[in-house]
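A short write-up of the structure that comes next.
The values are calculated or read from the model by the stated rules, or taken from the named source; none is laboratory data. Not measured: the values here are computed from a predicted model. So basically every Cβ, Gly included, is an ideal-geometry build from the backbone, and we count neighbours across all protein chains shown. Ligands, DNA and RNA are stripped out before the accessible areas are found, and what is left, the full protein with its side chains, is counted by its heavy atoms. Shrake-Rupley method; radii C 1.70, N 1.55, O 1.52, S 1.80 Å.
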Amino acid sequence: MTPLLSAIVFAPLVGALAIMVSPRDRTDLPRGIAASFTGVTLALALVLFVLYDRSDSGLQFVEKSPWVPDLGISYFLGVDGLNLPMVLLTALLTFLAVLGSWQTSLRVKEYFAILLVLEAGVLGVFLALDLALFFLFWEVELVPMYLLIGIWGGPRREYAAVKFVIYTLLGSALMLVGILALYFQQPTPRTFDMMAMSQMRWEPLFATVVFLFLFAGFAIKLPVFPFHTWLPDAHVEAPTAVSVLLAGVLLKMGGYGILRLGVGILPSAAIELAWLIGILAVVNVLYGAMLSMVQKDLKSLVAYSSISHMGYVLLGVAGLSFVGLSGASIQMFTHGAITGLLFLLVGSVYDRTHTRQIAEMAGLAPRMPLIAVIFALASLASLGLPGLAGFVGEFTVFVGAFARVPVLTILGAAGIVLTAGYMLWMLQRVFFGPEDQKWSRLTDVRGVEMIPLLCLAAVVILVGVYPAILTDVVQNGAVVLGRRLGL
(Lines give C-alpha, C1' and ligand atoms only; values in the text may rest on other atoms or scores of the structure.)
Protein backbone atom coordinates (compact mmCIF):
# COMPACT_ATOMS: atom_id res chain seq x y z
CA MET A 1 0.00 0.00 0.00
CA THR A 2 1.20 3.52 -0.79
CA PRO A 3 2.46 5.24 2.39
CA LEU A 4 -0.03 8.08 2.00
CA LEU A 5 0.01 9.08 5.67
CA SER A 6 3.80 9.29 5.79
CA ALA A 7 3.75 11.43 2.66
CA ILE A 8 1.27 13.79 4.33
CA VAL A 9 3.38 14.09 7.49
CA PHE A 10 6.79 14.46 5.88
CA ALA A 11 6.01 16.49 2.75
CA PRO A 12 6.16 19.75 4.77
CA LEU A 13 9.56 18.74 6.20
CA VAL A 14 10.90 18.20 2.68
CA GLY A 15 9.56 21.63 1.79
CA ALA A 16 11.25 23.18 4.84
CA LEU A 17 14.57 21.63 3.80
CA ALA A 18 14.13 22.89 0.24
CA ILE A 19 13.50 26.40 1.55
CA MET A 20 16.61 26.37 3.74
CA VAL A 21 18.90 25.41 0.84
CA SER A 22 17.40 28.03 -1.51
CA PRO A 23 19.46 31.16 -2.29
CA ARG A 24 19.00 33.85 0.37
CA ASP A 25 18.81 36.65 -2.18
CA ARG A 26 15.79 35.06 -3.88
CA THR A 27 13.01 36.04 -1.43
CA ASP A 28 10.36 34.88 -3.88
CA LEU A 29 11.54 31.25 -3.75
CA PRO A 30 10.62 30.51 -0.11
CA ARG A 31 7.07 31.73 -0.73
CA GLY A 32 6.71 29.61 -3.85
CA ILE A 33 8.25 26.51 -2.26
CA ALA A 34 6.07 26.84 0.86
CA ALA A 35 2.93 27.28 -1.22
CA SER A 36 3.86 24.30 -3.40
CA PHE A 37 4.58 21.86 -0.58
CA THR A 38 1.62 22.92 1.58
CA GLY A 39 -0.49 22.67 -1.58
CA VAL A 40 0.76 19.13 -2.18
CA THR A 41 0.02 18.24 1.45
CA LEU A 42 -3.49 19.64 1.09
CA ALA A 43 -4.00 17.68 -2.14
CA LEU A 44 -2.88 14.47 -0.41
CA ALA A 45 -5.22 15.20 2.52
CA LEU A 46 -8.10 15.70 0.10
CA VAL A 47 -7.26 12.38 -1.59
CA LEU A 48 -7.27 10.75 1.84
CA PHE A 49 -10.65 12.33 2.65
CA VAL A 50 -12.16 11.12 -0.63
CA LEU A 51 -10.72 7.59 -0.44
CA TYR A 52 -11.70 7.09 3.20
CA ASP A 53 -14.31 4.33 3.47
CA ARG A 54 -17.20 5.82 5.44
CA SER A 55 -18.79 2.40 5.94
CA ASP A 56 -15.79 1.16 7.94
CA SER A 57 -15.32 2.51 11.48
CA GLY A 58 -11.92 0.84 11.91
CA LEU A 59 -8.46 2.18 11.18
CA GLN A 60 -7.60 2.74 7.54
CA PHE A 61 -4.39 3.45 5.58
CA VAL A 62 -2.43 1.92 8.47
CA GLU A 63 1.38 2.13 8.41
CA LYS A 64 3.07 0.17 11.18
CA SER A 65 6.60 -1.10 11.67
CA PRO A 66 8.88 -1.66 14.69
CA TRP A 67 10.92 1.39 15.66
CA VAL A 68 12.42 0.62 19.09
CA PRO A 69 11.14 -2.95 19.57
CA ASP A 70 12.91 -3.50 22.90
CA LEU A 71 10.75 -0.75 24.40
CA GLY A 72 7.58 -1.59 22.47
CA ILE A 73 7.77 1.58 20.37
CA SER A 74 6.59 1.40 16.76
CA TYR A 75 6.14 3.73 13.84
CA PHE A 76 2.35 3.53 13.79
CA LEU A 77 0.17 5.83 11.71
CA GLY A 78 -3.51 5.36 10.96
CA VAL A 79 -6.64 7.30 10.21
CA ASP A 80 -10.24 6.99 11.34
CA GLY A 81 -13.26 9.22 11.82
CA LEU A 82 -11.68 10.90 14.82
CA ASN A 83 -8.52 12.29 13.25
CA LEU A 84 -9.34 12.54 9.53
CA PRO A 85 -11.18 15.91 9.83
CA MET A 86 -8.27 17.32 11.83
CA VAL A 87 -5.74 16.21 9.21
CA LEU A 88 -7.75 17.91 6.46
CA LEU A 89 -8.22 21.07 8.54
CA THR A 90 -4.50 21.29 9.35
CA ALA A 91 -3.49 20.91 5.72
CA LEU A 92 -6.06 23.49 4.59
CA LEU A 93 -5.25 26.12 7.21
CA THR A 94 -1.49 25.80 6.73
CA PHE A 95 -1.81 26.28 2.97
CA LEU A 96 -4.01 29.33 3.52
CA ALA A 97 -1.64 30.62 6.22
CA VAL A 98 1.19 30.55 3.69
CA LEU A 99 -0.89 32.58 1.26
CA GLY A 100 -1.84 34.92 4.10
CA SER A 101 1.88 35.47 4.83
CA TRP A 102 2.73 36.47 1.28
CA GLN A 103 3.78 40.00 2.31
CA THR A 104 6.17 38.82 5.04
CA SER A 105 9.55 40.49 4.56
CA LEU A 106 11.47 39.69 7.76
CA ARG A 107 13.77 36.63 7.46
CA VAL A 108 11.57 35.11 4.79
CA LYS A 109 13.44 31.80 4.47
CA GLU A 110 13.33 31.06 8.17
CA TYR A 111 9.69 32.09 8.52
CA PHE A 112 8.31 29.78 5.86
CA ALA A 113 10.62 26.89 6.80
CA ILE A 114 9.52 27.05 10.44
CA LEU A 115 5.87 27.27 9.37
CA LEU A 116 6.25 23.99 7.44
CA VAL A 117 7.99 22.26 10.37
CA LEU A 118 5.05 23.31 12.54
CA GLU A 119 2.63 21.74 10.06
CA ALA A 120 4.55 18.46 10.09
CA GLY A 121 4.48 18.33 13.89
CA VAL A 122 0.74 18.94 14.12
CA LEU A 123 -0.06 16.41 11.39
CA GLY A 124 2.09 13.87 13.21
CA VAL A 125 0.14 14.41 16.43
CA PHE A 126 -3.15 13.71 14.69
CA LEU A 127 -1.93 10.65 12.77
CA ALA A 128 0.34 8.92 15.32
CA LEU A 129 -1.19 5.92 17.08
CA ASP A 130 1.87 5.02 19.14
CA LEU A 131 2.05 7.04 22.36
CA ALA A 132 5.83 7.56 22.17
CA LEU A 133 5.52 8.79 18.57
CA PHE A 134 2.52 10.91 19.56
CA PHE A 135 4.51 12.59 22.34
CA LEU A 136 7.48 13.16 20.02
CA PHE A 137 5.33 14.98 17.47
CA TRP A 138 3.60 16.85 20.29
CA GLU A 139 6.96 18.30 21.34
CA VAL A 140 8.02 19.03 17.74
CA GLU A 141 5.41 21.80 17.42
CA LEU A 142 6.68 23.62 20.54
CA VAL A 143 9.88 25.15 19.13
CA PRO A 144 8.41 26.36 15.80
CA MET A 145 5.53 28.12 17.55
CA TYR A 146 7.91 29.70 20.07
CA LEU A 147 10.08 31.05 17.25
CA LEU A 148 7.16 32.26 15.14
CA ILE A 149 5.79 34.29 18.04
CA GLY A 150 9.14 35.35 19.49
CA ILE A 151 10.70 36.58 16.22
CA TRP A 152 7.78 37.71 14.04
CA GLY A 153 5.33 38.74 16.77
CA GLY A 154 4.25 42.09 18.18
CA PRO A 155 5.85 44.42 20.76
CA ARG A 156 5.47 41.95 23.67
CA ARG A 157 6.44 38.93 21.59
CA GLU A 158 9.19 37.66 23.91
CA TYR A 159 6.85 37.65 26.90
CA ALA A 160 4.09 35.88 24.97
CA ALA A 161 6.50 33.31 23.51
CA VAL A 162 8.09 32.45 26.86
CA LYS A 163 4.68 32.20 28.52
CA PHE A 164 3.53 29.86 25.76
CA VAL A 165 6.58 27.64 26.29
CA ILE A 166 6.19 27.52 30.08
CA TYR A 167 2.54 26.52 29.93
CA THR A 168 3.14 24.02 27.12
CA LEU A 169 6.06 22.37 28.91
CA LEU A 170 3.96 22.07 32.07
CA GLY A 171 1.23 20.35 30.06
CA SER A 172 3.77 18.08 28.39
CA ALA A 173 5.26 17.07 31.74
CA LEU A 174 1.84 16.14 33.15
CA MET A 175 0.97 14.23 29.99
CA LEU A 176 4.30 12.37 30.04
CA VAL A 177 3.61 11.20 33.60
CA GLY A 178 0.31 9.74 32.44
CA ILE A 179 1.86 8.07 29.39
CA LEU A 180 4.65 6.46 31.41
CA ALA A 181 2.16 5.29 34.02
CA LEU A 182 0.14 3.54 31.32
CA TYR A 183 3.31 1.96 29.97
CA PHE A 184 4.76 0.65 33.24
CA GLN A 185 1.42 -0.59 34.54
CA GLN A 186 1.31 -3.18 31.74
CA PRO A 187 2.63 -6.72 32.06
CA THR A 188 5.62 -7.49 29.87
CA PRO A 189 6.02 -7.25 26.95
CA ARG A 190 4.93 -3.61 27.24
CA THR A 191 3.75 -1.45 24.36
CA PHE A 192 3.00 2.17 23.52
CA ASP A 193 0.37 1.09 20.98
CA MET A 194 -2.78 3.17 21.63
CA MET A 195 -5.06 0.59 20.06
CA ALA A 196 -3.65 -2.17 22.25
CA MET A 197 -3.95 0.03 25.34
CA SER A 198 -7.57 0.76 24.56
CA GLN A 199 -8.34 -2.97 24.90
CA MET A 200 -6.67 -3.30 28.31
CA ARG A 201 -8.50 -3.26 31.62
CA TRP A 202 -7.15 -0.77 34.14
CA GLU A 203 -7.73 -0.71 37.90
CA PRO A 204 -10.36 2.02 38.60
CA LEU A 205 -8.32 4.21 40.94
CA PHE A 206 -5.26 3.99 38.67
CA ALA A 207 -7.37 4.89 35.63
CA THR A 208 -8.84 7.93 37.38
CA VAL A 209 -5.47 9.27 38.51
CA VAL A 210 -3.87 8.77 35.09
CA PHE A 211 -6.89 10.33 33.37
CA LEU A 212 -6.46 13.44 35.54
CA PHE A 213 -2.78 13.73 34.57
CA LEU A 214 -3.58 13.35 30.87
CA PHE A 215 -6.58 15.64 31.08
CA ALA A 216 -4.56 18.36 32.82
CA GLY A 217 -1.93 18.23 30.07
CA PHE A 218 -4.52 18.46 27.32
CA ALA A 219 -6.55 21.09 29.21
CA ILE A 220 -3.62 23.49 29.12
CA LYS A 221 -3.45 23.17 25.34
CA LEU A 222 -7.23 23.42 24.82
CA PRO A 223 -7.10 25.73 26.94
CA VAL A 224 -9.35 25.22 29.97
CA PHE A 225 -9.84 27.72 32.78
CA PRO A 226 -7.71 28.51 34.81
CA PHE A 227 -4.87 27.47 32.43
CA HIS A 228 -6.08 29.75 29.64
CA THR A 229 -4.08 32.93 30.25
CA TRP A 230 -1.28 32.06 27.81
CA LEU A 231 -3.66 32.05 24.85
CA PRO A 232 -4.75 35.73 24.60
CA ASP A 233 -1.14 36.91 24.96
CA ALA A 234 0.04 34.48 22.29
CA HIS A 235 -2.76 35.47 19.91
CA VAL A 236 -2.35 39.21 20.31
CA GLU A 237 1.39 39.11 19.72
CA ALA A 238 1.50 36.40 17.02
CA PRO A 239 1.48 37.26 13.30
CA THR A 240 -1.91 36.79 11.65
CA ALA A 241 -1.06 33.50 9.93
CA VAL A 242 0.34 32.07 13.17
CA SER A 243 -2.83 33.05 15.04
CA VAL A 244 -4.81 31.19 12.38
CA LEU A 245 -2.85 27.99 13.03
CA LEU A 246 -2.82 28.48 16.78
CA ALA A 247 -6.60 28.81 17.04
CA GLY A 248 -7.41 26.58 14.09
CA VAL A 249 -5.40 23.46 14.86
CA LEU A 250 -3.05 23.73 17.86
CA LEU A 251 -5.88 24.15 20.36
CA LYS A 252 -7.58 21.14 18.78
CA MET A 253 -4.63 18.98 19.78
CA GLY A 254 -5.93 19.25 23.34
CA GLY A 255 -9.47 18.25 22.42
CA TYR A 256 -8.23 15.42 20.22
CA GLY A 257 -6.01 14.13 23.02
CA ILE A 258 -8.91 14.05 25.46
CA LEU A 259 -10.98 12.03 23.00
CA ARG A 260 -8.26 9.68 21.74
CA LEU A 261 -6.40 9.03 25.00
CA GLY A 262 -8.79 10.03 27.77
CA VAL A 263 -12.03 8.54 26.47
CA GLY A 264 -10.44 5.95 24.18
CA ILE A 265 -7.98 4.38 26.62
CA LEU A 266 -9.55 5.19 30.01
CA PRO A 267 -13.32 5.13 29.40
CA SER A 268 -14.24 4.20 32.98
CA ALA A 269 -12.42 7.26 34.31
CA ALA A 270 -14.11 9.46 31.68
CA ILE A 271 -17.51 8.25 32.90
CA GLU A 272 -16.58 8.86 36.53
CA LEU A 273 -15.28 12.38 35.87
CA ALA A 274 -17.90 13.49 33.34
CA TRP A 275 -19.41 15.88 35.90
CA LEU A 276 -16.07 17.67 36.34
CA ILE A 277 -15.54 17.93 32.58
CA GLY A 278 -19.05 19.37 32.21
CA ILE A 279 -18.49 22.02 34.90
CA LEU A 280 -15.19 23.09 33.34
CA ALA A 281 -16.94 23.24 29.96
CA VAL A 282 -19.61 25.65 31.21
CA VAL A 283 -17.04 27.81 33.00
CA ASN A 284 -15.04 28.04 29.77
CA VAL A 285 -18.09 28.92 27.68
CA LEU A 286 -19.47 31.62 29.97
CA TYR A 287 -16.19 33.04 31.30
CA GLY A 288 -14.65 33.29 27.82
CA ALA A 289 -17.81 34.91 26.42
CA MET A 290 -18.02 37.50 29.20
CA LEU A 291 -14.35 38.40 28.77
CA SER A 292 -14.92 38.76 25.03
CA MET A 293 -17.65 41.33 25.67
CA VAL A 294 -15.28 43.73 27.44
CA GLN A 295 -12.33 43.53 25.05
CA LYS A 296 -11.21 46.76 23.38
CA ASP A 297 -8.74 45.03 21.05
CA LEU A 298 -10.34 43.28 18.06
CA LYS A 299 -7.84 40.42 18.12
CA SER A 300 -8.27 39.91 21.87
CA LEU A 301 -12.02 39.61 21.35
CA VAL A 302 -11.56 36.77 18.87
CA ALA A 303 -8.93 35.14 21.13
CA TYR A 304 -11.25 35.06 24.16
CA SER A 305 -14.09 33.82 21.97
CA SER A 306 -11.87 30.82 21.15
CA ILE A 307 -11.67 29.98 24.86
CA SER A 308 -15.46 30.16 25.04
CA HIS A 309 -16.14 28.02 21.98
CA MET A 310 -13.61 25.34 22.92
CA GLY A 311 -15.77 24.85 26.01
CA TYR A 312 -18.37 23.27 23.73
CA VAL A 313 -15.84 20.56 22.85
CA LEU A 314 -15.61 19.70 26.55
CA LEU A 315 -19.38 19.80 26.89
CA GLY A 316 -19.71 17.24 24.09
CA VAL A 317 -17.16 15.02 25.83
CA ALA A 318 -19.09 15.34 29.12
CA GLY A 319 -22.20 14.04 27.34
CA LEU A 320 -20.42 10.69 26.71
CA SER A 321 -22.90 9.71 24.02
CA PHE A 322 -22.57 8.96 20.31
CA VAL A 323 -24.11 12.32 19.47
CA GLY A 324 -22.13 14.25 22.08
CA LEU A 325 -18.78 12.80 21.04
CA SER A 326 -19.64 13.44 17.39
CA GLY A 327 -20.53 17.00 18.32
CA ALA A 328 -17.17 17.50 20.07
CA SER A 329 -15.32 16.35 16.93
CA ILE A 330 -17.48 18.48 14.64
CA GLN A 331 -17.04 21.51 16.89
CA MET A 332 -13.25 21.19 16.67
CA PHE A 333 -13.40 21.28 12.88
CA THR A 334 -15.98 24.04 12.53
CA HIS A 335 -14.41 26.22 15.18
CA GLY A 336 -11.04 25.86 13.47
CA ALA A 337 -12.46 27.04 10.15
CA ILE A 338 -14.50 29.90 11.62
CA THR A 339 -11.83 31.23 13.98
CA GLY A 340 -9.16 30.90 11.32
CA LEU A 341 -11.33 33.05 9.07
CA LEU A 342 -11.90 35.60 11.84
CA PHE A 343 -8.16 35.98 12.51
CA LEU A 344 -7.46 36.42 8.80
CA LEU A 345 -10.10 39.14 8.69
CA VAL A 346 -8.68 40.88 11.75
CA GLY A 347 -5.29 40.85 10.04
CA SER A 348 -6.76 42.36 6.86
CA VAL A 349 -8.42 45.15 8.84
CA TYR A 350 -5.24 45.84 10.81
CA ASP A 351 -3.09 45.97 7.66
CA ARG A 352 -5.29 48.78 6.39
CA THR A 353 -6.11 50.76 9.53
CA HIS A 354 -2.91 50.00 11.52
CA THR A 355 -4.99 49.67 14.66
CA ARG A 356 -6.92 46.91 16.42
CA GLN A 357 -8.69 49.20 18.85
CA ILE A 358 -12.43 48.82 18.26
CA ALA A 359 -13.14 52.33 19.56
CA GLU A 360 -10.95 53.85 16.83
CA MET A 361 -12.90 52.16 14.02
CA ALA A 362 -16.27 53.09 12.63
CA GLY A 363 -18.04 52.98 9.28
CA LEU A 364 -15.49 50.75 7.54
CA ALA A 365 -18.07 48.80 5.51
CA PRO A 366 -18.36 51.31 2.61
CA ARG A 367 -14.55 51.29 2.22
CA MET A 368 -14.06 47.53 2.46
CA PRO A 369 -17.39 45.91 1.57
CA LEU A 370 -16.05 42.41 0.85
CA ILE A 371 -14.21 42.28 4.18
CA ALA A 372 -17.37 43.52 5.92
CA VAL A 373 -19.55 40.86 4.29
CA ILE A 374 -17.16 37.99 5.09
CA PHE A 375 -16.65 39.33 8.62
CA ALA A 376 -20.41 39.33 9.12
CA LEU A 377 -20.61 35.78 7.73
CA ALA A 378 -17.88 34.53 10.10
CA SER A 379 -19.47 36.31 13.07
CA LEU A 380 -22.89 34.81 12.37
CA ALA A 381 -21.28 31.38 12.01
CA SER A 382 -19.53 31.89 15.35
CA LEU A 383 -22.81 32.61 17.13
CA GLY A 384 -24.33 29.44 15.66
CA LEU A 385 -26.68 30.74 12.98
CA PRO A 386 -28.47 27.81 11.25
CA GLY A 387 -27.18 27.22 7.74
CA LEU A 388 -23.57 27.97 8.74
CA ALA A 389 -20.89 25.65 10.13
CA GLY A 390 -21.05 26.86 13.74
CA PHE A 391 -24.62 25.67 14.15
CA VAL A 392 -23.77 22.08 13.19
CA GLY A 393 -21.20 21.55 15.93
CA GLU A 394 -22.98 23.44 18.71
CA PHE A 395 -26.42 21.93 18.07
CA THR A 396 -24.97 18.41 17.99
CA VAL A 397 -23.12 19.05 21.25
CA PHE A 398 -26.30 20.29 22.98
CA VAL A 399 -28.37 17.34 21.80
CA GLY A 400 -25.69 14.84 22.82
CA ALA A 401 -24.94 16.37 26.24
CA PHE A 402 -28.48 17.11 27.42
CA ALA A 403 -29.35 13.54 28.46
CA ARG A 404 -26.39 13.25 30.86
CA VAL A 405 -25.84 16.83 32.03
CA PRO A 406 -29.09 18.75 31.31
CA VAL A 407 -28.48 21.69 33.67
CA LEU A 408 -24.94 22.22 32.42
CA THR A 409 -26.16 21.99 28.81
CA ILE A 410 -28.73 24.73 29.41
CA LEU A 411 -26.09 26.94 31.03
CA GLY A 412 -23.73 26.24 28.15
CA ALA A 413 -26.41 27.19 25.63
CA ALA A 414 -26.53 30.63 27.25
CA GLY A 415 -23.12 31.18 25.71
CA ILE A 416 -24.84 31.52 22.32
CA VAL A 417 -26.70 34.58 23.59
CA LEU A 418 -23.47 36.13 24.86
CA THR A 419 -21.70 35.31 21.60
CA ALA A 420 -24.47 37.03 19.65
CA GLY A 421 -24.07 40.05 21.92
CA TYR A 422 -20.34 40.61 21.55
CA MET A 423 -20.12 39.61 17.89
CA LEU A 424 -22.99 41.80 16.69
CA TRP A 425 -21.87 44.68 18.88
CA MET A 426 -18.37 44.40 17.42
CA LEU A 427 -19.73 44.42 13.85
CA GLN A 428 -21.84 47.49 14.58
CA ARG A 429 -18.91 49.43 16.07
CA VAL A 430 -16.31 48.47 13.46
CA PHE A 431 -18.18 48.41 10.16
CA PHE A 432 -21.33 50.46 10.58
CA GLY A 433 -22.37 53.75 12.09
CA PRO A 434 -21.09 57.19 11.04
CA GLU A 435 -18.19 56.99 8.61
CA ASP A 436 -14.93 58.45 9.89
CA GLN A 437 -13.24 60.48 7.15
CA LYS A 438 -9.79 59.36 8.25
CA TRP A 439 -10.61 55.98 6.66
CA SER A 440 -11.65 57.51 3.32
CA ARG A 441 -8.63 56.09 1.48
CA LEU A 442 -8.91 52.52 2.69
CA THR A 443 -9.08 49.78 0.07
CA ASP A 444 -10.83 46.43 0.06
CA VAL A 445 -9.19 43.00 -0.03
CA ARG A 446 -7.68 41.98 -3.36
CA GLY A 447 -5.27 39.58 -5.07
CA VAL A 448 -3.69 36.69 -3.17
CA GLU A 449 -5.09 38.02 0.10
CA MET A 450 -8.60 37.25 -1.13
CA ILE A 451 -8.02 33.51 -1.66
CA PRO A 452 -7.83 32.40 2.02
CA LEU A 453 -10.89 34.46 2.94
CA LEU A 454 -13.03 33.06 0.14
CA CYS A 455 -11.85 29.47 0.72
CA LEU A 456 -12.71 29.48 4.43
CA ALA A 457 -15.99 31.29 3.80
CA ALA A 458 -16.88 28.53 1.33
CA VAL A 459 -16.03 25.85 3.92
CA VAL A 460 -18.19 27.59 6.54
CA ILE A 461 -21.15 27.67 4.15
CA LEU A 462 -20.60 24.15 2.75
CA VAL A 463 -20.51 22.46 6.17
CA GLY A 464 -23.50 24.51 7.30
CA VAL A 465 -25.63 23.65 4.27
CA TYR A 466 -24.41 20.07 3.80
CA PRO A 467 -23.18 18.82 7.22
CA ALA A 468 -23.20 15.18 6.05
CA ILE A 469 -19.87 15.83 4.31
CA LEU A 470 -18.39 15.97 7.82
CA THR A 471 -20.82 13.98 10.00
CA ASP A 472 -20.51 10.85 7.83
CA VAL A 473 -16.83 10.72 8.76
CA VAL A 474 -17.01 11.88 12.38
CA GLN A 475 -19.67 9.36 13.39
CA ASN A 476 -17.24 6.51 12.68
CA GLY A 477 -14.89 7.81 15.35
CA ALA A 478 -17.78 8.34 17.77
CA VAL A 479 -18.97 4.77 17.24
CA VAL A 480 -15.57 3.36 18.27
CA LEU A 481 -15.41 5.56 21.36
CA GLY A 482 -19.01 4.66 22.17
CA ARG A 483 -18.18 0.96 22.16
CA ARG A 484 -15.40 1.53 24.64
CA LEU A 485 -17.82 3.43 26.86
CA GLY A 486 -20.27 0.53 26.68
CA LEU A 487 -22.91 2.50 24.78
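Of all residues in the stretch 12-29, those that are in contact (Cβ under 8 Å) with a residue 40 or more places away in the chain and farther than 19 Å from GLY121 by Cβ total 3. Among the candidates LEU148, LEU136, LEU176, the residue that is open to solvent by less than 40 Å² (accessible area, probe 1.4 Å) and either of a type in the set (A, V, I, L, M) or closer than 20 Å to PRO223 by Cβ (or both) is uniquely LEU148. For the condition over 24 Å from GLY477 (Cα atoms) and assigned to a helix (DSSP H, G or I), PRO226 does not qualify. Please go through (1) over 17 Å from GLY39 (Cβ atoms); (2) crowded, with 21+ Cβ neighbours inside 10 Å; (3) not acidic (Asp, Glu) for LEU93 and return the number of the only condition it doesn't satisfy. Going through (1) over 17 Å from GLY39 (Cβ atoms); (2) crowded, with 21+ Cβ neighbours inside 10 Å; (3) not acidic (Asp, Glu) one by one, LEU93 breaks only (1). Screening LEU89 on (1) within 20 Å of ALA234 (Cβ to Cβ); (2) part of a loop (DSSP other than H, G, I, E, B) shows it passes everything except condition (2). Go through the residues of the stretch 407-423 one by one and say whether even a single one is more than 20 Å from the chain's Cα centre (by Cα) and more than 17 Å from VAL285 (Cα to Cα). Within the stretch 407-423, none of the residues are more than 20 Å from the chain's Cα centre (by Cα) and more than 17 Å from VAL285 (Cα to Cα). Residues in the stretch 427-447 that are under 31 Å from the mean Cα position of the chain (by Cα), within 26 Å of TRP102 (Cα to Cα) and surrounded by 14 or more Cβ atoms within 10 Å (Cβ to Cβ): VAL430, PHE431, ASP444, VAL445. For the stretch 170-215, filtered to residues that are hydroxyl-bearing (Ser, Thr, Tyr) and within 20 Å of LEU259 (Cβ to Cβ), the residue that is modelled with the lowest pLDDT is SER198. Quickly run through the stretch 343-371 and pick out the residues that are open to solvent by less than 10 Å² (accessible area, probe 1.4 Å), in a helix (DSSP H, G or I) and of a type in the set (Gly, Ala, Ser). Result: GLY347, SER348. Has the stretch 66-78 got at least one residue that is open to solvent by 30 Å² or more (accessible area, probe 1.4 Å), touching a Gly at 6+ places or on another chain (Cβ under 9 Å), of a type in the set (Asp, Glu) and farther than 30 Å from ARG352 by Cβ? For the stretch 66-78, residues open to solvent by 30 Å² or more (accessible area, probe 1.4 Å), touching a Gly at 6+ places or on another chain (Cβ under 9 Å), of a type in the set (Asp, Glu) and farther than 30 Å from ARG352 by Cβ: absent. Among the residues of the stretch 297-342, the one identified as of a type outside the set (Asp, Glu), open to solvent by 10 Å² or more (accessible area, probe 1.4 Å) and not in a helix (DSSP H, G or I) is SER321. Inspect all residues belonging to the stretch 29-49 and state whether any of them is open to solvent by 20 Å² or more (accessible area, probe 1.4 Å), farther than 17 Å from ILE114 by Cβ and among the charged types (D, E, K, R). No; the residues of the stretch 29-49 include none that is open to solvent by 20 Å² or more (accessible area, probe 1.4 Å), farther than 17 Å from ILE114 by Cβ and among the charged types (D, E, K, R).
Residues in the stretch 262-294 that are outside any helix (DSSP H, G or I), touching a residue at least 12 places away in the same chain (Cβ under 8 Å) and open to solvent by 10 Å² or more (accessible area, probe 1.4 Å): LEU273 only.
A single entry from ALA238, ALA247, ALA216 fulfils the requirement of being surrounded by fewer than 24 Cβ atoms within 10 Å (Cβ to Cβ) and among the aliphatic types (A, V, I, L, M): ALA216.
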